[in-house]
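Engineer: Dropping a structure here in structure tokens format, bear with me for questions.
Read-outs: derived from the displayed coordinates by stated rules, not from any lab. Just so it is clear, the model here is predicted, and its values are computed rather than measured. Positions of Cβ are backbone-derived with ideal geometry, glycine not excepted, and every protein chain shown enters the neighbour counts.
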Amino acid sequence: MKSLAIKKGDLVQVITGKDKGVKGKVIAVIPEAEKVLVEGVNRIKKHTKVGESTRGAKTGGIVTQEAPVHVSNVMLVDPSDDRPTRVGYRRETVTKTRADGTTYESTRSVRVSKRTGKDI
């Protein structure tokens with residue numbers, strides 16, 4: 001399974017489709033389908049069956065909710081200048097400490113804005 005450059009909580013902008021230009025926060029990421037759920041984007045009306053809750057209140061009817069968008073239709077917004085950017089990765093070496101107090105070198109991946117070169 002391929003890893004996605006967009007994570008939950010990121011601010012993204014829609015680059016194509018009926019909601020082109022809209023910015024929103026990522027609610028959920030579905031890596032198996034390569035889709036993301038973005039707040040306020042791709043709103044659909046879903047008809048739910050009418051029923052009763054345990055207290056007797058009526059539930060159901062027509063509900064408006066977000067539908068998933070393919071990850072290729074959104075771009076991450078660079079927090080430094082509020083414009084969409086592609087995402088790159090940089091490997092950096094860090095020093096970690098074990099429980100017994102010894103230290104060792106390890107690498108970690110950092111997301112980088114391709115346009116500005118700054119960390120995201």
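Engineer: Take every Cα-Cα distance within segment 11-84, group them into 10 Å bins from 0 onward, and report for each bin the whole-number percent of pairs it holds.
Structural biologist: Cα pair-distance distribution for segment 11-84, in percent: 19, 39, 23, 14, 5, 0.
Engineer: Separate question: Can you give me the distance in nm between label points at Val22 and Lys7, each placed 7 Å from the Cα along the Cα-to-Cβ direction?
Structural biologist: Placing both labels 7 Å along Cα→Cβ, they lie 2.6 nm apart.
Engineer: Can you pull the one-decimal nm distance between simple spin-label points at Ile15 and Arg111, each 7 Å off the Cα toward Cβ?
Structural biologist: 1.4
Engineer: Just to be sure I understand the model, the point goes 7 Å from the Cα along the line to the Cβ. What's the resulting His47 to Ser72 distance in nm?
Structural biologist: 3.3
Engineer: Residue by residue through segment 103-116, what is 3J(HN,Hα) from phi via Karplus (6.51 cos²θ - 1.76 cosθ + 1.60, θ = phi - 60°)? Round to whole Hz and write x for glycine and proline.
Structural biologist: 10, 8, 8, 9, 10, 9, 9, 10, 6, 10, 6, 6, 7, 9
Engineer: Highest mean first, what order results for 87-93, 46-52 on Cβ atoms within 10 Å?
Structural biologist: The peptides rank, most packed first, as 87-93, 46-52.
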